[in-house]
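The values are calculated or read from the model by the stated rules, or taken from the named source; none is laboratory data. Small disclaimer: the values here were computed from a predicted structure and weren't measured. Backbone-built Cβ (ideal geometry, glycine too); neighbour counts: all protein chains shown.
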Amino acid sequence: MIFIEEFPDYCETLTDAPRIYKEESAFDILSSIIGRRIYLQWGEDHIYPNIYKIYIGKSTAYRKSTMQKIQKRFVENVIGFDSLLANRFSYEGLISFIEKQKHVISYFDEFANLYEILLKNYTLSPEAFLTEIFECPDMKREGALVSKNIVLKDVFINIIGATTESWLLKNMNESSVRGGFLPRFLFVWAKEKESTMPIPSAPDKRQRGLLLGRLNGIMELVGNGEPVPMVMSNEAKNVYVRFHDLLDRNYLNTDSLYSPFYSRALTYVLKYAMLIAIDYENSFTITESSMEMAVIKIDRLLKGFKEFTNEEVTFNKYQATRKRVKDFINAKGEVMTKDMLQGLKMPAKELQGVIQTLLDEETIHARPIKSGNNKMTNLYSINGKQ
């Protein structure tokens with residue numbers, strides 16, 4: 001049995017959610033149960049198969065929350081309840097939960113609830129933290145918002161959200177895009193529902209048992225010891241390079257709104273290829289066919305997202321703000337965030353978003369230092385000038 005193929009069919013009698021929701025949910029479940037047990041070496045970094053994802057539909061009739069409930073039941077049956085993060089949390093609560101559990105899965109049936117938390121006026125916001133922890137790094141947190149120094153090691157976090165078309169278009173502005181947080185998400189958009197189901201059927205217990213058996217078999221394959229390194233065949237590398245070159249020619253070297261999303265899509269192709277190789281081939285080698293399937297899946301999501309937004313979100317104002325910050329750093333040589341806040345007279349959240357974008361682009365460099373109160377902070381400089 002191949003979970004990615006069979007799970008969507010199992011869901012067909014349970015809900016009239018769009019087929020793409022069911023297909024994408026299979027990847028979310030695999031990612032959530034596997035966690036850090038596999039990784040792909042990428043230069044000096046490790047890529048883990050974690051996922052940030054938002055399901056978009058016109059209304060509640062698209063059954064976004066229903067699919068989340070189905071997902072959660074499968075995850076709970078395999079790895080238990082402890083990793084599930086509550087819908088409401090503070091910055092300190094979030095960090096404490098991750099420190100305790102390490103492996104964290106967060107479901108938001110209304111992504112607006114997460115956004116409400118992120119919009120709180122923190123000096124170091126949960127949004128900046130969730131942007132950084134997407135890479136599953138080892139981290140240290142200290143300062144006024146955390147009651148004790150916390151070291152986060154071996155972390156893994158999935159965020160699965162849902163929202164309406166109108167809410168996302170209203171709230172997705174240039175700052176949220178260029179700040180780095182939203183581009184770390186995959187967007188699953190269903191233009192229309194294929195069918196309606198006034199009365200859903202009870203779960204097929206036999207099929208459910210077979211699916212859970214497959215997930216438990218995958219858990220046995222990946223083990224529970226040290227993370228297992230995955231490798232790419234030469235043929236898989238060729239497929240990836242072709243996809244990379246396609247995006248590079250059309251999106252990555254432009255000021256298009258879509259550039260940050262397409263840049264992250266390259267990482268997601270690798271994450272999906274890892275999951276496909278495990279499920280389809282019971283293998284830690286990513287083959288040509290696994291990579292081709294990953295490219296098809298991610299390309300479909302990118303095209304859907306582009307059709308959905310239809311370039312309705314502009315960022316001319318953002319570009320001007322980005323240039324102001326870059327020019328300020330360039331003029332000062334090296335500068336701390338507090339000096340930028342004073343000199344540029346702009347909101348802390350907006351500045352943090354621009355700084356994160358410049359770091360992602362490798363336009364600027366961050367040098368950690370101890371400030372006057374003996375706490376760690378960063379000095380920012382233009383790359384090549386520090």
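Table: residues versus (1) in a helix (DSSP H, G or I); (2) modelled with pLDDT of 95 or more; (3) farther than 28 Å from Gly353 by Cα; (4) among the basic types (Lys, Arg).
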residue	(1), (2), (3), (4)
His244	yes, no, no, no
Tyr251	yes, no, no, no
Ser256	no, no, no, no
Val269	yes, yes, no, no
Ile276	yes, yes, yes, no
Ile298	yes, yes, no, no
Thr314	no, no, no, no
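Whether any residue in the stretch 30-47 is among the small types (Gly, Ala, Ser) and part of a strand (DSSP E or B) is what I want to check.
Kept after step one, since they are among the small types (Gly, Ala, Ser), are these residues of the stretch 30-47: 31-32, 35, 43.
Narrowing the set further to residues that are part of a strand (DSSP E or B) leaves none.
No; the residues of the stretch 30-47 include none that is among the small types (Gly, Ala, Ser) and part of a strand (DSSP E or B).
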Looking only at residues in the stretch 79-91 that are crowded, with 16+ Cβ neighbours inside 10 Å and out of contact with any strand residue (DSSP E or B) (no Cβ under 7 Å at 6 or more places or on another chain), which one is nearest to Pro18 (Cα to Cα)?
Ile79
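Can you find a residue that is polar (S, T, N, Q), under 18 Å from the mean Cα position of the chain (by Cα), crowded, with 18+ Cβ neighbours inside 10 Å and under 28 Å from Gly217 (Cα atoms) anywhere in the stretch 1-23? It would help to see each step written out before you state the result.
Step one: of the stretch 1-23, the residues polar (S, T, N, Q) are 13, 15.
Applying the additional criterion that residues be under 18 Å from the mean Cα position of the chain (by Cα) yields none.
The answer is no; no qualifying residue exists.
What's the total number of residues in the stretch 57-84 that are aliphatic (A, V, I, L, M) and in contact with a Gly (Cβ under 9 Å, 6 or more places away or on another chain)? Break it down stepwise before answering.
To start, the set of residues in the stretch 57-84 that are aliphatic (A, V, I, L, M) comprises 61, 67, 70, 75, 78-79, 84.
Now restrict to residues that are in contact with a Gly (Cβ under 9 Å, 6 or more places away or on another chain): 79.
Total meeting the criteria: 1.
Does Ala236 satisfy the condition of being buried (at least 19 other Cβ atoms within 10 Å of the Cβ) and in contact with a Leu (Cβ under 7 Å, 6 or more places away or on another chain)? Quick ask: steps written out before the conclusion?
Numbers: buried (at least 19 other Cβ atoms within 10 Å of the Cβ): yes; in contact with a Leu (Cβ under 7 Å, 6 or more places away or on another chain): no.
Criteria not met by Ala236.
In the stretch 201-242, which residues are part of a strand (DSSP E or B) and more than 15 Å from Met274 (Cβ to Cβ)? Even if it seems obvious, please write down each step before you answer.
Looking only at the stretch 201-242, we keep the residues that are part of a strand (DSSP E or B), and these are 228-232.
Residues satisfying the conditions do not exist here.
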When the stretch 1-51 is examined, which residues are found to be of a type in the set (Lys, Arg) and either within 20 Å of Ser201 (Cα to Cα) or not assigned by TED's automatic domain parsing to the domain that holds Met67 (or both)?
Arg19, Lys22
